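Have a look at the structure below before the remarks.
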Protein chains: 2
Amino acid sequence: MEELSTAARQYSRENAERFRLELHEMLRIPSLSGDPAHAGDIRRMAAWLDEHMRGLGLDNVAIMPTAGHPVVYGEWLGAGPDKPTVLVYGHYDVVPALMEDGWHTDPFEPVEKDGKIYARGATDDKGQLFIHVKALESYLKTAGRAPVNVKMLLEGEEEVSSPNLVPFIKEHLELLRGDVCIISDTSMRSIEEPAILHSLRGMTYVEIEVHGPTDDLHSGLWGGAVHNPALALVEILGKLYNADNTIAIPGFYDDVVPLTADERAMIAKTDLTEEQYKASTGVPAVWGDAAFNIRERIAARPTLDINGLWSGWTGPGPKTIVPSKAGCKISSRLVGNQDPHKIFELLKSYVASITPPTVTVEVRLITTGKPALFPFDIPEMQAASLAYEKGWGATPVFTRGGGSIPVVAEIADLMGIPVVMMGYGLDDDGLHSPNERFTIEMFHRGIETAIVYLEELARMTDQ
Amino acid sequence: MEELSTAARQYSRENAERFRLELHEMLRIPSLSGDPAHAGDIRRMAAWLDEHMRGLGLDNVAIMPTAGHPVVYGEWLGAGPDKPTVLVYGHYDVVPALMEDGWHTDPFEPVEKDGKIYARGATDDKGQLFIHVKALESYLKTAGRAPVNVKMLLEGEEEVSSPNLVPFIKEHLELLRGDVCIISDTSMRSIEEPAILHSLRGMTYVEIEVHGPTDDLHSGLWGGAVHNPALALVEILGKLYNADNTIAIPGFYDDVVPLTADERAMIAKTDLTEEQYKASTGVPAVWGDAAFNIRERIAARPTLDINGLWSGWTGPGPKTIVPSKAGCKISSRLVGNQDPHKIFELLKSYVASITPPTVTVEVRLITTGKPALFPFDIPEMQAASLAYEKGWGATPVFTRGGGSIPVVAEIADLMGIPVVMMGYGLDDDGLHSPNERFTIEMFHRGIETAIVYLEELARMTDQ
């Protein structure tokens, strides 16, 4: 079977430039899932993928409706029922991007510069999902077949936490069922240090809004005797943390599975130095719970971050008001075995308990996602390790990921299969930030790795 | 001289509707001083006043340039040098107003409803400055002369704290010089309880901005080991107050002149009940320094209010970032003898002292204004009291005002004259808030009171 992948890899090299130009087409579509104004762009993006996969010879290609944005599905099952089936999951939606956030070029007009493609979605996740489309194309256009069966499940709501994906999977469980799920939506520290993620954090995302006076008040005529809602919010938010930077919500850590000494030793090998961390982020000093090292803090421990804050007048010039309200968005990253809904209830109760009688407070649940954790000594994971060795050219490490892909735990639970996260991005690709980018070499090495993975999976079942 | 005011008052009644329609014209011009996009509207507003005052027979009417928005000047000096000269100060600029803030009708299309005129600037200060224009017109169009000399000084930058007015007054001191300055830009508690203000608070207005990572970061990949700038801001703002709602900045209260027992007794007569205060503002409970009653807190004590707060993502849907920065606008209302620049230095030093090494913080001074305090047993104040009795029909109280009109202390200092603040608005007119309004009856009674005041001032000098 070596020959199949050899020809496919050769094909992927010969077509490298065209592959990139096709990716540029995807990146030009501002498929923001969180903004109703971009619903048309979401539909355009789905139509583009539908047409593209049909052109490659996939079967059953369809734009399948959900209660929100559609799923694009396609399959190639020509390897037959005695071969394993790989379910590839990716998402074609992106988070917002505005020039004034600090982009150097139009976020939706891809630019190749210094070996990187700059555009919103370049690495998260259009570039990475396209790796699997192009890997399958490379087999189908050379041997006319692939070593295993492949199903593509491409969703359009990952960036708004996949509200409709679980109902969709439940409804189409037989159509989607595979033996292993592959997701490329994560990253590695450097190009020579590929990583396979065996754990992801979950999430509880809330909005808190504090209400005081009915309308904004003149601060001179009314201030001094009204509890400024922005101050009340500040006081509430200040009480969410302890002085040692741990989270003060009673019961918050109760269900956290303690890290074992072995796991901590493995994580320590991939830890960041304070200098590396400062260089990557630009912060003047690191911060956090001193009982854990940096890698543990950002991947194996739960967090609580303020994602947005608003109140009163934020335009140019002074405006002397007591604002009528103040609000914030907060996301808590969770680890096994924290339950997102239980964490929401704990947060809500705690905020209620610290709300003074001078204001009213509303805590709204925006979205949740369960944490996920897989063993890494199973064949599906080991095949991935071999694929990096042969296809990428470096031995990968198994690591925990700090991010959240809510569907990972759901797919694992619903299908009873492992999810292998082979991320082809870099930790500092700027995803969700201005000037998001994807390294061109990693795009091409990723396609070759994905090609080899399908072959290694097939070999695994032959043994 | 009674006859002069009798005819003038009669004229003002006969022309009441026209006066209001003229005011509507002013209110249709969105003369926002804090937003460069409205510079053309500021010029239109100044031109309207210039043309209007020329039409009434004022002399030396001119749009006089400053380094910012122009002053509109006009005078009538026909009473002669043995009569006193009244300098009327008003401002033709307004604060921003957006429908989405909660306006029920277009803020720049005045609507008369339930005896009130709804529009941005209705009471602050277009409606109130126009009272003096119409009072002078009522004399000039009946007797052909007024009992005293009048100078009109109408500025366009009050809502951005009059950055160019003091240089303007210094440069044109002889042109502007009067024996007393009258300002109508304040309010009373109810229509039958007119108030003359003898004190105003000053102000120090700042912006604080906290900087963390260079760009917004993905909260999953980097959060937990970076001090979230929004959290750092929250922690800093939380430390500006003590648990008893007093301000924690060291030295903040050092220069506050203590209220005497006599003053406190006078203020107690005009205090609000907690129920009145809640009904006027809509807050669930009052707040503040329990050592002072409500009226003292909002008029005779210094404050520190958060006027605006911003960080990260505030649009629809979740976005999981650690924001690169967070900021706020803060205004501190000051009382005699606090110095606005000293307060800025104290605030800046304190913030620097509580800033952790994990972020950097910038404290920017936006604007300042000195507090003002006048005795109320002087003839210029007593003439105002008589004017309310005869012209308004009720005996006024002398009170302290919680707001800030920075130019009051400056005019008093530069000319060595008292400033009499005869406000014709209501405390709950919603100035700086949605649905700002001005009571039509108060507009017309204000014109009659202003007519009588000029006569009482003349009488005072005859004695």
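What follows is calculated from the coordinates using simple rules that are stated; it is not laboratory data. This one's a predicted model, so the numbers in the text were calculated from it and none came from an experiment. Glycine gets a Cβ as well: all are built from the backbone with ideal geometry, and neighbour counts include every protein chain shown.
With θ taken as phi - 60° and the Karplus curve 6.51 cos²θ - 1.76 cosθ + 1.60 applied, the whole-hertz 3J(HN,Hα) list for region B:194-209 is x, 9, 10, 8, 10, 8, 9, 8, x, 7, 10, 10, 10, 10, 10, 10 Hz, x standing for glycine and proline.
Per-residue ellipticity at 222 nm computed for chain A from its helices equals -10500 deg cm²/dmol, with DSSP H segments shorter than 4 residues left out and the rest contributing -39,500 (n - 2.57). Computed from Cα atoms alone, the Kirkwood hydrodynamic radius reported for region A:134-239 is 20.2 Å. For region B:324-362, the set of trypsin sites (Lys or Arg not before Pro) satisfying both a DSSP loop assignment and a count of at most 13 other C-beta atoms within 10 Å is empty.
Please work out the Kirkwood hydrodynamic radius for region A:188-346, using every pair of different C-alpha atoms, and report it in angstroms with one decimal place.
Working: mean 1/r = 0.0538 Å⁻¹.
Kirkwood hydrodynamic radius for region A:188-346: 18.6 Å.
Scalar couplings 3J(HN,Hα) for region A:165-174, obtained by applying the Karplus form with A = 6.51, B = -1.76, C = 1.60 to θ = phi - 60°, are 6, 4, x, 5, 5, 4, 5, 10, 4, 5 Hz; x denotes Gly and Pro.
Under 5 Å from the amide H of B:VAL180 lie the amide H atoms of B:THR85, B:LEU87, each residue being 5 or more positions distant or on a separate chain, with H modelled from the backbone and absent for Pro and chain starts.
Could you state the number of Å between the C-alpha centres of region A:170-234 and region B:178-254? A separation of 27 Å, based on Cα centres. Among the chymotrypsin sites (Phe, Trp or Tyr not before Pro) found in region A:166-263, those both in a DSSP coil and sparsely packed, with 16 or fewer other Cβ atoms within 10 Å of their Cβ, are A:TYR253. The convex hull built on the alpha-carbon positions of the protein assembly as shown has an orientation-averaged projected area of 40.0 nm².
When DSSP assigns beta bridges and you keep just the ones with both residues in chain A, what percent turn out antiparallel, to the nearest 5? Show your work: numbers first, answer last.
Working: 47 of 68 bridges.
Of the beta bridges lying entirely in chain A, close to 70 percent run antiparallel.
Take every pair of alpha-carbon atoms less than 8 Å apart whose residues are at least six positions apart; their mean separation over the length of chain B yields a relative contact order of 25 percent. The Cα-based radius of gyration and maximum Cα-Cα distance (Dmax) for region A:13-59 are 12.6, 40 Å.
Say R0 is 30 Å: what FRET efficiency, to the nearest 0.05, do B:GLU3 and B:GLU441 get from their beta-carbon distance?
Details: r = 25 Å, r/R0 = 0.84.
Computed FRET efficiency for B:GLU3 and B:GLU441 comes out at 0.75.
With each label modelled as a point 7 angstrom along the Cα→C-beta vector, the B:ALA285-A:LEU365 pair spans 2.9 nm. Cross-link candidates for A:LYS239: which lysines have Cα within less than 21 Å, leaving aside residues fewer than 8 places away along the same chain? Filter leaves A:LYS325, A:LYS329, A:LYS342, A:LYS348, B:LYS239, B:LYS325. For region A:255-323 and region B:337-353, compute the distance between their C-alpha centroids and round to whole Å. The distance from the Cα centre of region A:255-323 to that of region B:337-353 comes to 31 Å. Output wanted: per-residue J couplings in Hz (rounded whole) for region A:109-117, from phi through Karplus 6.51 cos²θ - 1.76 cosθ + 1.60, θ = phi - 60°, x for Gly and Pro. Those phi angles translate into 10, x, 10, 9, 8, 6, x, 10, 9 Hz. Partner lysines whose Cα lies under 30 Å from the Cα of B:LYS83, excluding those fewer than 8 positions away in the same chain, are identified as B:LYS126, B:LYS134, B:LYS141, B:LYS151, B:LYS170, B:LYS390. Modelled spin-label separation between A:ARG177 and B:SER353, with each label point placed 7 Å from Cα along the Cα-to-Cβ direction: 7.0 nm.
Above 39 angstrom, tally the Cα pairs of chain A and express them as a % of all pairs, no decimals. Display every interim value, and only then the final one.
On the way: 26271 of 106953 pairs.
When every Cα pair of chain A is considered, 25 percent fall beyond 39 Å.
Would you please classify the overall shape of region B:383-440 from the alpha carbon gyration tensor, given that a ≥ b ≥ c denote the square roots of the eigenvalues, rounded means a/c under 1.5, and beyond that prolate means a/b larger than b/c while oblate covers the rest? Because a/c hits 1.5 or more and a/b fails to exceed b/c, region B:383-440 counts as oblate. Proximity of backbone amide H atoms, modeled 1.01 Å from N, is registered between B:HIS218 and B:VAL322 at under 5 Å, excluding neighbours fewer than 5 places apart on the same chain. Here r is the Cβ-Cβ distance between A:ASP262 and A:GLU192 and R0 is 25 Å; the resulting FRET efficiency, rounded to 0.05, is 0.50. Scan around A:THR399 for amide H atoms under 5 Å from its own, H built in the peptide plane at 1.01 Å from N, and keep only partners 5 or more places away or cross-chain. Counting only residues 5 or more places away or on other chains, the set is A:ILE196, A:LEU197, A:HIS198.
Which of rounded, prolate or oblate describes region B:263-323 when judged by the alpha-carbon gyration tensor and an a/c cut-off of 1.5? Since a/c reaches 1.5 and a/b is larger than b/c, the shape of region B:263-323 is classed as prolate.
Sort region B:49-144 into rounded, prolate or oblate with this rule: let a ≥ b ≥ c be the square roots of the eigenvalues of the Cα gyration tensor; rounded if a/c is under 1.5, and if a/c is not under 1.5, prolate when a/b is larger than b/c, oblate otherwise. Kindly include the intermediate steps, with their values, before the conclusion.
On the way: a/c = 2.88, a/b = 1.76, b/c = 1.64.
Verdict is prolate for region B:49-144.
Relative contact order for region B:310-463: 22 percent, from Cα pairs under 8 Å spaced at least 6 residues apart, divided by residue count.
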